[in-house]
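Single-structure report; data block below.
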Amino acid sequence: MRQRWTIADFLDLEYFFVQDQKLAQESGEGVLRERDRTLYLAEIEPGLAGVVPDKECLILRWLQVRRSRESQILSEVLLPGQVWSGLQKLISLVVFFLMVTSGAGIAYSMLSYSGKEPVNVSIFFLLFVIVQILFLALLLLFWIIRRVKGQDLRSAYGPSLLNKLFARFLKPAKYASGSSRRAQLATVMTAAQARGKGYGSLYLWPPFILLQISGMAFNLGVLGALLVKVLFADLAFGWQSTIELTAPVVSTFVQWLALPWSWLLGSFAYPSLAQVEGSRMVLKEGMYHLASADLTSWWPFLLMAIFCYGLLPRVLLLGAGIFGARRALSRVSWKRAECLQLVHRMLTPHLETGAFDRGQISSPKTAIYTSRSGGSPACKIFESALHGSLIALIPDELFAGCDLQKLDLLSRQVYGYEVKQSFCFTGEESDPNLIFKTLEKPIGGSVSLLLLQEAWQPPIQEMLTFLRKLRTFCGVEAQIIIALVGKPEPSTIFTPVAENDLRIWQQKTAILGDLYIQVSPLVLK
């Protein structure tokens with residue numbers, strides 16, 4: 001049976017991504033490639049039994065192995081997923097208990113009857129039924145308004161609430177690895193919040209489900225208090241109003257409200273017109289002239305009204321929240337740059353690239369490279385690109401010295417993509433529309449791009465604007481790989497990148513908040 005992902009899994013995944021990003025900055029991408037390839041061969045591949053897994057299954061197995069190794073190294077430290085699971089259970093239990101207690105306490109006080117004045121049906125119904133109906137209507141209106149504006153509920157409170165919970169409950173004494181560990185956990189929540197669009201509505205559902213649990217618990221408390229008072233006390237109910245409300249009007253209103261359960265309880269579903277008339281209280285007349293049968297006829301109606309308009313909608317919304325959470329988990333995109341890099345590191349054999357014969361370069365402005373036959377043994381190893389093909393955009397100052405065959409081989413080895421087409425452009429000042437007219441894009445589809453850049457030249461605002469325009473052209477989930485090279489040498493442009501230059505590019509492009517942009521060196525150290 002296929003194992004389901006949980007929010008705890010995604011929080012741990014973000015935690016390990018943060019760790020890997022820091023490790024790559026300190027030791028280089030080669031360390032990650034070596035570690036993940038070794039991990040795959042030693043602990044993942046033997047359990048596959050010859051079955052080729054998809055990205056989701058492969059990443060989940062990798063996560064499980066990383067968790068196991070982390071627990072062996074730091075046995076006393078909780079991972080973010082464990083923290084979340086514990087908080088979720090604790091908060092749910094505390095909220096349920098508090099809301100049951102508050103619902104029962106408020107209802108019990110409202111149902112106090114000393115024999116002098118009946119319980120006011122109007123106030124009881126207003127507080128425990130009408131207010132809840134209005135709250136649900138406001139929630140629906142809020143959802144409609146945000147949908148009309150093109151906004152999503154997840155942008156309102158989901159990730160920010162999770163972030164506040166972690167900030168509140170991550171105590172220094174409990175998570176004993178010091179400030180650096182707590183900083184990593186805080187970074188995980190910041191990353192989860194910043195990458196909300198990558199997880200869809202995933203972070204919306206926990207607070208939504210918690211809200212329904214609280215509402216359900218409150219109504220259970222009210223129903224429990226009402227049943228206890230009816231069973232073990234002598235209650236009388238009446239209604240009164242300063243405005244001129246006649247008994248027929250009230251009776252008609254009650255009959256309409258009782259439609260959902262009137263077929264089940266028959267004559268007990270709601271007070272009859274005579275009972276409504278007989279339970280009306282007039283201040284100057286007191287209650288001694290009112291009949292007991294009329295005064296007790298209201299409790300079945302109140303009980304069913306709270307059940308149908310208070311408890312039942314909460315139960316249905318809770319079920320919808322659970323279904324929505326599972327649906328959101330199943331719709332998480334695995335095309336994020338970090339996920340594709342991870343899969344590529346595990347499945348791609350480690351290979352050191354040596355000298356290459358310079359391939360023939362086409363026109364100085366555009367070039368198509370489609371040859372897959374012949375070449376060195378390295379070319380044969382990467383003959384089948386893992387993630388498919390992409391289009392390379394090469395600045396004019398690099399195009400003349402760019403060996404397209406070597407670019408294709410490096411792209412296959414480092415990124416898992418075949419360079420199907422290459423195009424020369426004049427930099428971020430180029431008119432994207434002219435580029436897009438030349439590029440080939442499938443009708444109704446998306447296209448992945450590789451943007452070759454010199455890392456020693458930091459990105460300026462025009463480059464960020466250019467990347468936004470490229471995203472519009474490519475599609476929402478298409479990969480845009482910014483392949484960085486160092487300062488060109490007389491013999492080649494494919495040189496290693498300085499760590500500080502790579503860090504500057506990653507920090508600048510992070511402003512875009514694009515989960516499908518990958519910034520990494522083309523030449524591994």
Some residue of region 391-404 being at pLDDT below 65 and at negative phi: no
Any hit, region 439-448, residues being in a helix (DSSP H, G or I), at pLDDT below 85 and under 30 Å from K55 (Cα atoms): no
Qualifying residue in region 92-106 (condition: in contact (Cβ under 8 Å) with a residue 40 or more places away in the chain, surrounded by fewer than 13 Cβ atoms within 10 Å (Cβ to Cβ) and outside any helix (DSSP H, G or I)): no
Within region 496-505, considering residues that are surrounded by fewer than 20 Cβ atoms within 10 Å (Cβ to Cβ) and in contact (Cβ under 8 Å) with a residue 24 or more places away in the chain, the one farthest from R412 (Cα to Cα): I504
Condition check for K487: surrounded by 14 or more Cβ atoms within 10 Å (Cβ to Cβ) and touching a helix residue (DSSP H, G or I) at 6+ places or on another chain (Cβ under 6 Å): no
Any hit, region 295-314, residues being crowded, with 19+ Cβ neighbours inside 10 Å, more than 30 Å from V131 (Cα to Cα), at pLDDT below 85 and outside the structural domain of R35 (by TED's automatic domain parsing): no
From the options E14, E43, E29, residue that is surrounded by 15 or more Cβ atoms within 10 Å (Cβ to Cβ) and without any contact (Cβ under 8 Å) to a residue 60 or more places away in the chain: E43
Subset of region 214-238 [part of a loop (DSSP other than H, G, I, E, B) and under 14 Å from A107 (Cβ atoms)]: A233, L235
Long-range neighbours under 8 Å by Cβ, at least six apart or interchain, first residue modelled with pLDDT under 85 within region 244-266, second crowded, with 17+ Cβ neighbours inside 10 Å and assigned to a helix (DSSP H, G or I): L265/P300; L265/M304
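The values are calculated or read from the model by the stated rules, or taken from the named source; none is laboratory data. Keep in mind it's a predicted model, so treat the numbers as computed, not measured. Reconstructed Cβ throughout: ideal geometry from the backbone, glycine too, with neighbour counts over all protein chains shown.
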